[in-house]
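The next block holds one structure in the form of structure tokens; read it before the comments.
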């Protein structure tokens with residue numbers, strides 16, 4: 001073997017070792033190329049369209065604030081899915097947990113009065129977290145005690161949440177004399193402030209991310225989570241209470257999604273309106289799979305999705321391309337990071353296995 | 001025939017009981033009963049077809065959470081296929097072929113690549129939602145309506161005739177499809193092979209059955225039924241396409257599959273139960289017998305799914321190898 005060949009091997013080794021970073025980046029690149037083809041089929045130069053997205057999202061102070069605002073709930077939604085994946089639960093219901101929490105914290109922000117500002121914010125946030133956690137706990141309890149698969153129960157709970165919230169904002173809690181179905185604005189004392197272009201909620205989301213990462217990697221509780229996720233039977237044999245773990249996992253996951261909804265209400269929208277948070281929970285799935293269930297990696301993944309969502313809104317105005325192109329870009333990325341095809345193509349036999357959550361209907 | 005009756009005793013008794021009750025109501029109030037049954041069967045058709053997709057997949061060992069997305073893509077392709085070709089029949093074929101394509105997609109991802117089956121299905125759903133909402137174009141209408149066909153003699157039976165035997169092509173074929181899937185699964189060589197692959201793949205492998213090929217084929221062909229379900233929604237039930245048209249029916253179908261104990265006839269009974277309860281609730285609401293907000297009436301199928309699942313799971317046994325990729329040893 002010549003020197004150049006062994007050096008080449010070494011360079012490749014770096015990529016093989018870090019394929020959990022390399023694969024998503026290549027996937028995003030491929031998605032942008034394919035998306036670019038779709039855009040040019042509609043008679044628009046894809047480079048112009050992509051520049052419109054990114055200049056709108058990053059190189060404009062209003063846009064930058066909007067990007068961070070979009071990113072904030074996405075970090076937490078992605079984290080919610082990630083935490084559940086770590087113990088082998090696939091929480092498709094971040095959406096339902098997030099929106100019910102968004103309404104709960106809006107109600108706390110409107111109807112609880114006479115509280116000093118900081119306390120009011122905390123109380124409203126807690127209301128959201130608790131409601132999100134409880135909504136997810138229904139799926140956890142059904143899974144632990146009745147064996148109902150969480151993918152189906154959380155999807156059903158999403159639809160149920162949408163229906164109940166639709167009723168609540170169209171009747172008892174509707175803003176008077178408004179054609180839109182939405183609640184009143186929350187009180188000044190419940191508002192989460194912005195620091196320039198950085199919303200306070202974003203800082204909070206990053207802190208929670210660090211906390212969850214520490215919890216999963218450095219504490220006994222995290223060790224239990226990972227053991228259950230790696231091998232249920234071994235965990236059960238080692239004396240870990242599986243039922244308790246499932247319910248705790250869903251509570252934690254739902255609480256995180258709920259925090260995302262609460263921050264969005266208190267720091268961004270200042271009221272609850274059903275159209276505000278559609279699709280956040282599903283972006284959370286994309287983010288979690290893009291981040292390969294690594295809590296810290298949800299931050300860059302969420303920033304990417306937040307950028308596309310913030311910039312995509314202006315796309316139609318500037319180029320006539322429908323903002324749904326973002327859905328296509330994310331779908332292709334998701335496909336490439338979750339299916340092993342890209343990793344196998346890049347690394348052949350050295351490809352790592354992707355996430356695994358399958359459990360039967362009865363367990 | 002006798003085998004069929006003794007094998008499906010429970011489902012047939014349920015169906016018989018429902019029929020008798022339906023006739024009692026029919027003599028009390030002809031118009032309302034007919035309209036409830038028509039609504040109920042229309043609601044049940046896509047659920048039954050989608051449940052067949054789940055049953056064929058899981059009986060051969062592949063969990064299909066992506067039925068929702070497969071249906072959505074087929075509904076989309078069926079509708080816009082009709083619009084651009086100007087023929088509803090070509091649209092039907094395009095819809096069904098799209099279903100097959102989506103089936104093949106899951107087959108390759110879950111069986112060939114051994115991707116996690118649940119994640120593969122969820123990815124199919126998200127991809128389908130993304131693609132159909134990007135390519136969706138507003139303001140298109142179907143070139144023609146789905147023709148209504150009456151089967152001679154059968155369609156003259158009071159009540160049952162107009163409900164089951166005077167319908168669009170998809171709704172008309174559904175009963176036959178269910179009986180055919182039931183027969184194929186339990187009475188043919190293909191069915192025996194499929195079930196052995198879903199119960200005990202290594203034994204099937206030892207007996208010389210190509211596990212991967214059986215699974216790939218079944219999941220792909222089951223996609224055709226998801227195509228029927230989707231095309232039914234767009235071409236026959238709604239007569240149009242809208243973003244998110246399937247509205248969770250693919251997941252309701254999985255609940256129906258479990259409730260029906262992975263049995264085509266059982267799934268038919270379960271889907272009728274869902275359809276009729278929804279129809280009765282809407283009728284009571286329309287007659288102002290009960291007065292609950294419309295939003296809550298719409299939630300009924302979802303709440304029922306949770307209740308039904310929490311009762312049924314554990315009492316019925318899923319195919320033993322459902323959800324487990326099979327890797328040939330050695």
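Quick note: the coordinates plus some simple rules give every number you see, no bench work behind them. In this text the structure is predicted, and so the values were computed from the model without any measurement. Cβ placement follows ideal geometry from the backbone for every residue including glycine, while neighbour counts extend to all protein chains displayed.
General observations
- Taken along the Cα-to-beta-carbon direction at a fixed 7 Å, the label points for residue B:160 and residue A:122 span 6.9 nm.
- Alpha-carbon centroid distance for the pair segment B:237-295 / segment B:86-158, whole angstrom: 19
- Cα→Cβ-extended label distance, 7 Å offset, between residue A:197 and residue A:34, nm: 3.1
- Paramagnetic label reach from residue B:35 (point 7 Å along Cα→Cβ; backbone nitrogen cut-off under 19 Å): within segment B:139-164, residues B:159-164.
- Shape parameters for segment A:290-329, alpha-carbon atoms, Rg then Dmax in Å: 12.3, 37
- Taking 0.36 nm per residue of separation and subtracting the current Cα-Cα distance, fully stretching the chain between residue A:62 and residue A:220 would add 52.6 nm.
- A quarter of the convex hull surface defined by the alpha-carbon atoms of segment B:94-160 gives 8.3 nm² as the mean projection.
- Taking each residue as 0.36 nm, the span from residue B:192 to residue B:25 lengthens on full extension beyond its C-alpha to C-alpha distance by 56.0 nm.
- Tail weight of P(r) past 28 Å, computed on alpha-carbon pairs of chain B, percent: 41
- Debye log10 I(q)/I(0) at q = 0.14, 0.15 Å⁻¹ for segment A:45-320, Cα point scatterers: -0.96, -1.08
- Gain upon complete extension [residue A:345, residue A:145; 0.36 nm per residue less C-alpha separation]: 67.8 nm
- Taking the number of Cβ atoms within 10 Å of each Cβ as an exposure proxy, the fewest-first ranking of B:228, A:209 is A:209, B:228.
- Rel. contact order, % - alpha carbon contacts under 8 angstrom, at least six apart, chain B: 33
- Largest first, the extents of the alpha carbon coordinates of segment B:275-330 on the three principal axes equal 67, 20, 15 Å.
- Alpha-carbon Rg with Dmax, taken over the protein assembly as shown, Å: 25.8, 93
- Packing around the peptides A:13-26, A:263-276, B:299-312, A:285-298, taken as the average count of other Cβ atoms within 10 Å per residue, puts them in this order, highest first: A:285-298, A:263-276, B:299-312, A:13-26.
- The alpha carbon centroids of segment A:127-145 and segment B:48-83 are separated by 30 Å.
- Against chain B, whose longest principal axis comes from its Cα atoms, helix B:30-59 is set at around 0 degrees.
- A crude spin-label estimate for the pair residue B:17 and residue B:207, with each label 7 Å from Cα along the Cβ direction, gives 3.5 nm.
- For segment B:72-227, the convex hull spanned by the alpha carbon atoms encloses 145 Å³ per residue.
- Calculated FRET value between residue B:151 and residue A:47, using beta carbons and R₀ = 60 Å, to 0.05: 0.55
- Sites residue A:55 and residue A:20 - FRET efficiency at Förster radius 35 Å, r taken between beta-carbons, to 0.05: 0.70
- Helix-only [θ]222 nm of chain B, DSSP H runs n ≥ 4, -39500 (n - 2.57) each, per residue, nearest 500: -23000 deg cm²/dmol
- Computed FRET value (nearest 0.05) for residue B:84 with residue B:311, which takes r as the C-beta separation and R₀ as 35 Å: 0.15
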